[in-house]
Amino acid sequence: MLNPNLDEIQLSREEIDRYSRHLILPEVGLEGQKRLKAASVLCIGTGGLGSPLLLYLAAAGIGRIGIVDFDVVDTSNLQRQVIHGTSWVGKPKIASAKDRILEINPNCQVDLYETRLSAENALDIVAPYDIVVDGTDNFPTRYLVNDACVLLNKPNVYGSIFRFEGQATVFNYQDGPNYRDLYPEPPPPRHGSLLRRGWRSGHFAWFDRRDSGHRNGQNYSRSGKNAQRSPAAL
């Protein structure tokens, strides 16, 4: 709830102790902490982007957190998807994430959606939340998340990674631009193929796509005339 009735939101003694360092900050204070408790955030993906995000959302005191993921924890995830641990290998990522979130902050309500986000379910999943965070690693889902946020008028928090570079922004906030205003159409499917079979190192990945990147105001291509690389969420 982005504009809650703060009189209806109370912090327990345990919560006051837990968030004491927030409460002494003039920029947060009691009112800010109540707003965090009233807020709901949907995180799509529990990979290299979603993992640290979920940890910090829980620690900050977000009252309701939704998680969408249909994958299981793999050993190769552990060096960058920091919400998961060795004991969770082979088990659902959403269960691993919920377990860790509640260990950090048992006051959080955690909603799990162990499913692939699709045109059939996206609106129903997104609708209950104030803010949506896109931690996905493929273009079809990225455009689907954007379109659902536009239709439901939800802010879309976006992040991506390219080797040692990253991007982060907020789309569709207060009638601002959305992802399609930046990239009107997704690239051909073949341009995303390298993500699954390609190079990964730590928190970083790359894959080919038709859109050129920009560095210091200059267009650049790193793999010939027609193939450009761009940030990719993990």
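Here the Debye sum runs over all C-alpha atoms of segment 74-124 as equal scatterers in vacuum, and log10 of I(q)/I(0) at q = 0.13, 0.29, 0.31 Å⁻¹ comes out as -0.39, -1.07, -1.13. Couplings 3J(HN,Hα) for segment 147-156, derived from phi with the Karplus relation 6.51 cos²θ - 1.76 cosθ + 1.60 (θ = phi - 60°), are 5, 5, 5, 5, 5, 9, 6, 10, x, 10 Hz, where x marks Gly and Pro.
Counting only protein heavy atoms and a 1.4 Å probe, tell me what percentage of segment 58-176's accessible area is made up of carbon and sulfur.
Values: 2830 of 5490 Å².
With neighbouring chains kept in place, the figure for segment 58-176 is 52 percent.
When the scattering of segment 109-180 is computed by the Debye formula from its Cα atoms alone, each counted once and equally, what is log10 I(q)/I(0) at q = 0.12, 0.17, 0.22, 0.24 Å⁻¹? These q points yield log10 I(q)/I(0) values of -0.32, -0.63, -1.00, -1.15.
The distance separating the Cα centre of segment 1-29 from that of segment 44-88 comes to 25 Å.
If you wrap a convex hull around the Cα atoms of segment 1-91, how much volume per residue is inside, in Å³?
Values: hull volume 11.0 nm³, N = 91.
Spelled out: Cα convex hull of segment 1-91, divided by residues, is 121 Å³.
Per-residue SASA remark: residue 27, around 150 Å² accessible (1.4 Å probe; ligands, DNA and RNA not included). Surface analysis of segment 1-149 yields an accessible area of 47 Å² per residue, using protein heavy atoms and a 1.4 Å probe.
In terms of Cα atoms, the Rg and Dmax of segment 35-139 work out to 12.8, 37 Å. The smallest convex shape that holds all Cα atoms of segment 19-71, its convex hull, gives 68 Å³ per residue. The calculated Kirkwood hydrodynamic radius for segment 75-195 is 16.3 Å, given to one decimal from all distinct C-alpha pairs.
The values are calculated or read from the model by the stated rules, or taken from the named source; none is laboratory data. Keep in mind that this is a model prediction, so the values were computed, not measured. Note: accessible area is taken over every heavy atom of the protein model, side chains too, but ligands, DNA and RNA are not part of it. Shrake-Rupley method; radii C 1.70, N 1.55, O 1.52, S 1.80 Å.
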